[in-house]
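Everything below concerns the one structure shown next.
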Amino acid sequence: DYFANDVIPVLERQQGNFRDLDSGVPAVGIIAPILLAVAVIVILFGLAMVVRSWGGDRPVGEATATWSVVVVVGLVVVVLGAVLYPRLDGGQELLDDAAPAFDAERVEGDRAGITIVSQIVDLADPLVTPNGGAAAEVPALIGFVAGETGLAEVDVVAALEANAPKTTALLRALPLSDVNAELPGLVGFLGETLGLSAEQVNQALADNFPALAQSIGALPAVTGGWENVPGTESLTRFDGSEVTTVPQVRDYFANDVIPVLERQQGNFDELATTPPMVDFFAPFLAIVGVLVIAYGGAMIAVVRFRRPPFPFRPVTIRTA
């Protein structure tokens, strides 16, 4: 239920957001270097302007061109913010939705959970279908005991039934796919005996013997899909190897999915909980870009339209 109702629905809901965040241009990892580079360029540019101003007024054309570079830089930052906004907004939604899956204690429980699931798969794999091999080994087991004890095989079976009747019944029932093949006959027999339809028999089992009904209802799906899980035609391991059987599905979660949660739990916490939030950066870039454009435009206006405070006019001095 945890994987089916919590973890996998997050993957289904956030697949689009993840792809946008991961595959778009520019890469998310370049945002911090861009901010750092813009800051360094602005600082160096400001220092250069201060140094050059010591030499007096610069030509209007040169100063205008210089401040135009500032406007272009601001425009680039605004465009970058606009491009990043939908991706980072979706990325924040992804972080919020996936946060429970990356809880440290929950990730630790993932490993414990998949360990017991793995043991269940190891238990069932030999028993479910003939390919598992356990059914073929039952006669060999009886023959081995008969040979070692000198008893007839029928006496060995009788001794097993007397000392371990449930185990003996299980061995005789293997593989479970054979049990599944008998279910239609069992339902038909009960229906004929009780004078009920197949639907009524199944409902009566569910009402009066819910545990048996649960097992009977699940058995066809398990035995029919154990070696070819429906819907996994395109599912592969992270290395590209196919995932079609139940043991391979177990390996996929145990060796691919859960290790990602284990390795990235710390990174996820740092990204999701350390201010500023991811969706802060796009509006911040846009605001910074607008301010830079406004500043550059204002300086161009100052350079182009300024007038000397005391205009020089030639004066003729007459002497006696």
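The values are calculated or read from the model by the stated rules, or taken from the named source; none is laboratory data. Fair warning: this is a prediction, and the values are worked out from it, not measured in the lab. Every residue, glycine among them, receives a Cβ derived from its backbone with ideal geometry; neighbour counts consider all protein chains shown. SASA here: full protein model, heavy atoms, side chains in, ligands and nucleic acids out. Shrake-Rupley method; radii C 1.70, N 1.55, O 1.52, S 1.80 Å.
Just checking, which of Ser53, Ser68, Ser23 is farther than 22 Å from Gly297 by Cα and either among the polar types (S, T, N, Q) or at pLDDT below 70 (or both)?
Ser23
Within the set of pairs 6 or more residues apart or between chains, which connect a residue that is closer than 16 Å to Ala140 by Cβ inside the range 151-171 to a residue that is of a type outside the set (S, T, N, Q) with Cβ atoms less than 6 Å apart?
Listed by first residue and then by second, the contacts come to Glu153/Ile142; Glu153/Ala146; Val156/Ile142; Val156/Val145; Val156/Ala146; Thr168/Leu160; Thr168/Glu161; Leu171/Val138.
Search the range 1-24 for residues being farther than 19 Å from Leu271 by Cα, open to solvent by 90 Å² or more (accessible area, probe 1.4 Å) and free of Cβ contacts under 8 Å to residues at least 24 places away in the same chain, and hand back the single one that is nearest to the chain's Cα centre (by Cα).
Among those residues, the one meeting the criterion is Glu12.
Go through the residues of the range 71-90 one by one and say whether even a single one is loosely packed, with under 11 Cβ neighbours inside 10 Å and modelled with pLDDT of 80 or more.
No, there is no match, as no residue in the range 71-90 is loosely packed, with under 11 Cβ neighbours inside 10 Å and modelled with pLDDT of 80 or more.
For every residue, the table says whether it meets (1) of a type in the set (Asp, Glu); (2) surrounded by 12 or more Cβ atoms within 10 Å (Cβ to Cβ); (3) in contact with a Gly (Cβ under 7 Å, 6 or more places away or on another chain).
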position	(1), (2), (3)
Phe102	no, yes, no
Val117	no, yes, no
Pro126	no, yes, yes
Ala134	no, yes, no
Pro139	no, no, no
Glu153	yes, yes, yes
Glu161	yes, yes, no
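Restricting the first residue to the range 123-146 and requiring it to be among the charged types (D, E, K, R), which pairs with a second residue that is part of a helix (DSSP H, G or I) and surrounded by 13 or more Cβ atoms within 10 Å (Cβ to Cβ) meet a Cβ separation below 6 Å and a spacing of at least six or different chains?
Close Cβ pairs (under 6 Å, with a partner that is part of a helix (DSSP H, G or I) and surrounded by 13 or more Cβ atoms within 10 Å (Cβ to Cβ)) amount to Asp125/Gly132; Asp125/Pro247.
Please enumerate the residues belonging to the range 174-194 that are hydrophobic (A, V, I, L, M, F, W, C) and in contact (Cβ under 8 Å) with a residue 40 or more places away in the chain.
Residues satisfying the conditions are Leu174, Leu176, Val179.
Answer yes or no as to whether Thr223 is at pLDDT 85 or above and either over 17 Å from the mean Cα position of the chain (by Cα) or at positive phi (or both).
Criteria met by Thr223.
Condition first: open to solvent by less than 90 Å² (accessible area, probe 1.4 Å), modelled with pLDDT of 85 or more and on the phi < 0 side of the Ramachandran plot. Can you find one or more residues in the range 294-307 that meet it?
yes
Among the residues of the range 214-256, count how many are of a type in the set (D, E, K, R) and open to solvent by 60 Å² or more (accessible area, probe 1.4 Å).
Keep residues of the range 214-256 that are of a type in the set (D, E, K, R), which gives 227, 233, 237, 239, 242, 250-251, 256.
In the following step, the residues that additionally are open to solvent by 60 Å² or more (accessible area, probe 1.4 Å) were identified as 227, 233, 239, 242.
Of the residues in that region, 4 qualify.
Which of the numbered conditions does Glu270 fail, given that it passes all the others? Conditions: (1) within 30 Å of Ala39 (Cβ to Cβ); (2) under 19 Å from the mean Cα position of the chain (by Cα); (3) surrounded by 14 or more Cβ atoms within 10 Å (Cβ to Cβ).
(3)
Could you grab the pairs with beta carbons closer than 8 Å, sequence gap of 6+ or different chains, first residue in the range 71-100 and within 12 Å of Asp279 (Cβ to Cβ), second one polar (S, T, N, Q)?
Gly90/Asn17; Gly91/Asn17; Glu93/Gln14; Glu93/Asn17; Leu94/Gln14; Leu94/Asn17
With (1) in contact with a helix residue (DSSP H, G or I) (Cβ under 7 Å, 6 or more places away or on another chain); (2) closer than 30 Å to Ala136 by Cα as the list, and Leu205 as the residue in question, which single condition is left unmet?
Single failed check for Leu205: (2).
I need the full set of residues from the range 236-251 which are under 12 Å from Asp125 (Cβ atoms) and either polar (S, T, N, Q) or at pLDDT below 95 (or both), in order please.
Thr245, Gln248
Name the residues in the range 103-140 that are among the small types (Gly, Ala, Ser) and part of a loop (DSSP other than H, G, I, E, B), would you?
Correct list: Gly133 only.
Take the range 1-39 and flag every residue that is among the basic types (Lys, Arg) and closer than 11 Å to Ala98 by Cα.
Arg13
Could you go through the range 273-280 and let me know if any residue there is within 15 Å of Ala101 (Cα to Cα) and exposed (fewer than 15 other Cβ atoms within 10 Å of the Cβ).
Taking every residue of the range 273-280 in turn, at least one turns out to be within 15 Å of Ala101 (Cα to Cα) and exposed (fewer than 15 other Cβ atoms within 10 Å of the Cβ).
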